[in-house]
Structure formats: structure tokens, C-alpha cells
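Structure first, then comments.
The values are calculated or read from the model by the stated rules, or taken from the named source; none is laboratory data. Since the structure is predicted, the reported quantities are computational estimates derived from the model, not experimental observations. Reconstructed Cβ throughout: ideal geometry from the backbone, glycine too, with neighbour counts over all protein chains shown. The area values use the complete protein model at the heavy-atom level, side chains included, leaving out ligands, DNA and RNA. Shrake-Rupley method; radii C 1.70, N 1.55, O 1.52, S 1.80 Å.
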Amino acid sequence: MKKDTIVRHRKIANDIMHYIYKYINTNIDLEELSINLKISKYHMHRIFKEEFGQNIYETIKSIRLQKAASLLLTNQNSTITNIAKMCGYSSQGAFIKVFKDKFNMTPKEWKRGDYKQLIKIKASYSLKAQILKIKSKKIYYIRHKGDINSKKLAWERLNTWVLSKDIKEYNQITLYHDNPSITPLLECQYTAAIQTQEIIEENTLPSLMSPSGIYAKFDFQGSYKEFLEFINWVYFDWLINSGYETTTEPSYVVYKKNSFLDDEDFFIASYYISIYM
């Protein structure tokens, strides 16, 4: 396959994934998406599976369930029906069935505390959140999945791209599409991204607009293992006790020190989680 074709297919697959995450709370219309992308549904499905290793329908189902599992715990004032709708389910009965098939318990059992069999908070923090209104910004990205090695590879490729474009001023960002406290790390989807004000010409990377809205910001320093424990604390301690609820928008990190690009396992970063009252 020619390089231009590979780049084009990668962009199409990433556009499909971005569309799914953006509209996960709706009845996703793949016919409309194929028209917008100006390709047939057959080619849309084939290209997506080539890039991500699973079909579009499996991906939509997985993302909806991951979002629902998180929201059931963090959004204490929302009913199961409301959370089902937030994650794109028109029928509560259908939601309950697929949730039980995935987690071996009903949404009600999960919400009342049975999730603690799977999720344990291992650390406590006294960090104070700064509440901010965040504007959307253009980012250039590589989407990846899996463990720390896949993260390092994605950041090495992004760093090579930055050097090749001679970009001087930029931010390094990771979007967490899945909650690593719920989704196994090898299955988590991430977006490693560069945000810059510089004009990029002849670009080989896909781009998108980062999420906007009201966010709680936390400043963090520590190892990768400590960072995962910190995310766990944000969702299942701070958020539950804060009086806020969260949305289906991804949380994200802005790095001051990104240890995926060196051999020292120590991060300095700001973590943002979408909130509302």
C-alpha cells in the first residue's frame, strides 16, 4: 500500500473514532458519517478495522459501556435511566442487559457499591482543584491503545514530527478516552497530541479540536504508577465528594515533564476532568 494511501486511511479511521467519541451520547448514524466522509459504508468499516483491529459496532458498544460504568459511580444524583441516555442508550432494558453481560452485575448493583470488587482506591491526596473554563484548541495527534510501551512509541513518533516541522512553542497533551480505573490498561484508548499556535504546512498527522467546557484542574507530580492511582482518586474520591458530576468528554493531561520521552519515571503535569453541577 502506498504511503499516501496509508496516511489517507489512517485519517479516515481517526475521523471515525473521533466522531464516535464526540457523539457517543446520541444514536450514531453511520450512514450519515459515510456520506460526510465521502466513502461507502463498506470501505468505512474495512478501513476502521484495519486501523484499530475491531469493527465500528464493537467499538461503539465498548465505549458506551465504559462511559456508563464510570458515570454510574461519579454522578451520584443521576438516575440509571439518565446515565443510559447520556451514553446513547434509548432503552433502559437494553442498557441493563449489555451492562450485566460485560460486568457480571446490573447497573444498580454496580452503582450501590459492588464495583469495589473490581476497583480499589489505593492512595489519598489533599490536592485542591482549580475550576476553569477551557476553550477548544486545534491539536495534532496520534491515537494509540495499550500499555506504557505503546505510549512511549506514540510520543517518540510525535517528538520526531515536532523536530521535522521545527516547531518551537507547543504543549504536549494526552486525552484519556477511557477511564483506566475501569478499563484494563491494554484496552484503554489514548490520544497523544501536540498543541501549537505555529502554522503547520504539508502535515502528515490528523488534527482535531480539543474538548471545551468547565474543567477541574489538578497539578500532579509523581511516577506513572502513582499517576494511575491519582486518576483513581480523582474519579472515585474527589469527584464523588465534590458535589460535581462529570460528562462523557475525555479527561486530559498537559505535561510540563513527560517521562514517556526519557528514562526517568517522573511526571510533572496538570490533569483536567470535565465537570458540571
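Points to keep in mind about this one:
- Rounded FRET efficiency, nearest 0.05, which uses the C-beta distance separating M209 from A94 and R0 of 41 Å: 0.85
- Adding -39500 (n - 2.57) for every DSSP H run of four residues or longer, then dividing by how many residues the chain holds, sets the calculated 222 nm ellipticity at -13000 deg cm²/dmol.
- Between N77 and L132, the contour length at 0.36 nm per residue exceeds the Cα-Cα span by 17.6 nm.
- Relative compactness, the stretch 1-98, computed as alpha-carbon Rg over 2.2 N^0.38 Å: 1.23
- Sequence of R8, R143 from largest to smallest accessible area, 1.4 Å probe: R8, R143
- Euclidean distance between Cα centres, the stretch 64-78 to the stretch 181-230, Å: 21 Å
- Residues of the stretch 188-215 falling in the label zone of K168, defined by backbone nitrogen less than 18 Å from a point 7 Å along Cα to beta-carbon, are 195-201.
- With a Förster radius of 51 Å applied to the beta-carbon distance between E31 and Q197, the computed FRET efficiency rounds to 0.85.
- In Å², nearest 10: area of I240 left accessible to a 1.4 Å probe: 50 Å²
- Rolling a 1.4 Å probe over the protein heavy atoms leaves E201 with an accessible area of roughly 140 Å².
- Label-to-label distance for S242 and E156 is 3.5 nm, based on points extended 7 Å past Cα in the beta-carbon direction.
- Environment charge of S91, counting only residues whose C-beta is closer than 11 Å and scoring Lys/Arg +1, Asp/Glu -1: +2
- H18 sits among other residues whose Cβ lies under 12 Å from its own Cβ, and their net charge, with Lys and Arg +1 and Asp and Glu -1, is +2.
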